[in-house]
Amino acid sequence: MEHLGAPTPKEQKKLEEINVDLMMNGIAGIYMSMVGRCFTHCINDLTSKSLSGKEEKCLKTCGEKFMKYQQRVDLRYGEESANLQ
C-alpha cells in the first residue's frame, strides 16, 4: 500500500533525478527553438560555407533577444507559481 507521507530518501532521489531530466529537456528544447528561429530569420544564402557579416550580426542579435525573452518568461512563470502557493 502506498504511503501519503514524505517520500523516502530513495523516492526523493528518484524525484530529483526526474526533475533534473525535465529541466535538461526543457533547456534543450529552448535551445533548439532558438537555433531554428534564428536560422530561419537570419540565414538567407546557403550557397556559401561562411556567414556574411549581416548574417552574423543578425544571429547574435536574435540569440540575445531570444535569451532575454526566455528569461522574462521564466521570471513571470516563477512569479505566477509563487502567487498560486
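Remarks
- Taking first residues from the stretch 60-85 that are touching a residue at least 40 places away in the same chain (Cβ under 8 Å) and partners that are among the hydrophobic types (A, V, I, L, M, F, W, C), the Cβ contacts under 8 Å between residues at least 6 apart in sequence or on separate chains come to Gln70/Ile30; Gln70/Met34.
- All positions within the stretch 4-51 that are in a loop (DSSP other than H, G, I, E, B) and under 27 Å from Gln70 (Cα atoms): Ile43, Asn44, Leu51
- Only residues that are exposed (fewer than 12 other Cβ atoms within 10 Å of the Cβ) and either over 17 Å from the mean Cα position of the chain (by Cα) or among the hydrophobic types (A, V, I, L, M, F, W, C) (or both) were counted in the stretch 35-85, giving 19.
Since every read-out is calculated from the coordinates, none of them should be taken as a lab result. If you're wondering where the values come from, they're calculated on a predicted model, not measured in any experiment. Neighbour counts are summed over all protein chains in view; Cβ atoms, including those assigned to glycine, are modelled from backbone coordinates with ideal geometry.
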